[in-house]
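Accompanying notes for the structure given below.
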Amino acid sequence: MNSNRVIKKVTVIGAGFVGSTTAYTLMLSGLISEIVLIDINAKKADGEVMDLNHGMPFVRPVDIYRGDYKDCAGSDIVIITAGANQKEGETRIDLVKRNTAVFKSIVSEVVKYNNDCILLVVTNPVDILTYVTYKLSGFPKNKVIGSGTVLDTARFRYLLSEHVKVDARNVHAYIIGEHGDTEVAAWSLANIAGIPMDRYCDDCHQCKEQISRHEIYESVKNAAYEIINNKGATYYAVALAVRRIVEAIVRNENSILTVSSFLEGQYGLSDVCLSIPTIVGMNGIEEILNVPFSEEEIHLLRKSGNTLKEIIKTLDI
């Protein structure tokens, strides 16, 4: 891709809660001129498309329609949200074998009609399925992206902002590693206006007590389980996270996002997909950054990666 190319077509595979809400956020963004929605349940996809199109007088023009895999042709980004849903009490890793089987059929159909798009994986467990997609597609590693911990990082920033009473957009912090139970909060880099979090809390008159790192980390890590327990599924925030990734690609922003991608020696990890602060632009993964995490955070990051690698070994790909 060259920097002058205009991205105009996005295909969303999966018209469930996440897929349809993603299509909605992209429709509102005004960034895309053509959105294709594909689902094994054509009737459901038709209903979602009809509902979206009825809002067309309120947004910038965008062509939204239900398609088949052949309609992936010409797509600049193909977003995969299809797969088995995470059930109450079920971990993301419990989903892996069921969704790996689903992805074998999806990826083979996509590449049949388009071998030059960016593949954006959202389905859980997202890191393993990003790896599966990379291996099955044969695409260059920069063109296979997982939504990773972009959402977890947003949750982390929101909870920190609530604690210190500062706009969440001005809280700088990362969740790295797996999007799941082994994710790592990079406390060593958390800051507000360049002020380390500990120092900010020492000087902050808004806080009645020091921040509880363990409590906030657990709230971030377990957020999806709590939401699923309360309402059955998570979709609003993750759809906004996906829109943010698409925006970075469409606008060639070179934004730094904690997306999941294939590692080749970074932080001592190889042959696994994990989330690290990464420059995202028109070509997908532009650069995985060498961030000065603490020794403990790097240890936990490697532990996260090695945990996923053990699961990957059990997969037939």
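The values are calculated or read from the model by the stated rules, or taken from the named source; none is laboratory data. Please read these numbers as outputs of a predicted model, since none were measured by experiment. FYI the Cβ positions are ideal-geometry reconstructions off the backbone, even for glycines, and counts take in every protein chain you see. Accessible surface is based on the protein model in full, side chains and every heavy atom, while ligands, DNA and RNA are left aside. Shrake-Rupley method; radii C 1.70, N 1.55, O 1.52, S 1.80 Å.
When you check Lys97 against the structure, is it farther than 17 Å from Thr11 by Cα and among the basic types (Lys, Arg), yes or no? So Lys97 fits the description; yes. Picking from residues in the stretch 148-199 that are among the acidic types (Asp, Glu) and modelled with pLDDT of 95 or more, the one that is nearest to Pro125 (Cα to Cα) is Glu178. Does Asp202 qualify as being under 16 Å from the mean Cα position of the chain (by Cα), surrounded by fewer than 17 Cβ atoms within 10 Å (Cβ to Cβ) and either at pLDDT 95 or above or not in a strand (DSSP E or B) (or both)? So Asp202 fails the test. Within the stretch 205-217, the residues that satisfy the criterion of being open to solvent by 50 Å² or more (accessible area, probe 1.4 Å) and at pLDDT 85 or above are Arg213, His214, Glu215. When we screen Asp181, Asp271 for residues that are in a loop (DSSP other than H, G, I, E, B), open to solvent by 50 Å² or more (accessible area, probe 1.4 Å) and not hydrophobic (A, V, I, L, M, F, W, C), the only hit is Asp181.
For residues that are surrounded by 18 or more Cβ atoms within 10 Å (Cβ to Cβ) and either in a loop (DSSP other than H, G, I, E, B) or among the hydrophobic types (A, V, I, L, M, F, W, C) (or both), scanning just the stretch 2-16, find the one that is modelled with the lowest pLDDT. So, considering only residues that are surrounded by 18 or more Cβ atoms within 10 Å (Cβ to Cβ) and either in a loop (DSSP other than H, G, I, E, B) or among the hydrophobic types (A, V, I, L, M, F, W, C) (or both), the one modelled with the lowest pLDDT is Ile7.
For Arg98, state whether it is within 20 Å of Val242 (Cβ to Cβ), open to solvent by 30 Å² or more (accessible area, probe 1.4 Å), touching a residue at least 12 places away in the same chain (Cβ under 8 Å) and not hydrophobic (A, V, I, L, M, F, W, C).
no
Against the conditions (1) surrounded by fewer than 20 Cβ atoms within 10 Å (Cβ to Cβ); (2) under 16 Å from Ser304 (Cβ atoms), Gly194 satisfies every one except (2). Just one residue in the set Val259, Val291 is touching a helix residue (DSSP H, G or I) at 6+ places or on another chain (Cβ under 9 Å), of a type in the set (A, V, I, L, M) and surrounded by fewer than 21 Cβ atoms within 10 Å (Cβ to Cβ); that residue is Val291. Among the criteria (1) over 25 Å from Trp187 (Cα atoms); (2) exposed (fewer than 13 other Cβ atoms within 10 Å of the Cβ); (3) touching a Lys or Arg at 6+ places or on another chain (Cβ under 9 Å), the one Asn283 does not fulfil is (2). Determine whether Arg98 is in contact with a strand residue (DSSP E or B) (Cβ under 8 Å, 6 or more places away or on another chain) and either not small (Gly, Ala, Ser) or not assigned by the TED database to the domain that holds Ser275 (or both). Spelling it out, it is not the case that Arg98 is in contact with a strand residue (DSSP E or B) (Cβ under 8 Å, 6 or more places away or on another chain) and either not small (Gly, Ala, Ser) or not assigned by the TED database to the domain that holds Ser275 (or both).
From Ser75, Ser105, grab the single residue that is farther than 30 Å from Ser212 by Cα and part of a helix (DSSP H, G or I).
Result of the check over Ser75, Ser105: Ser105.
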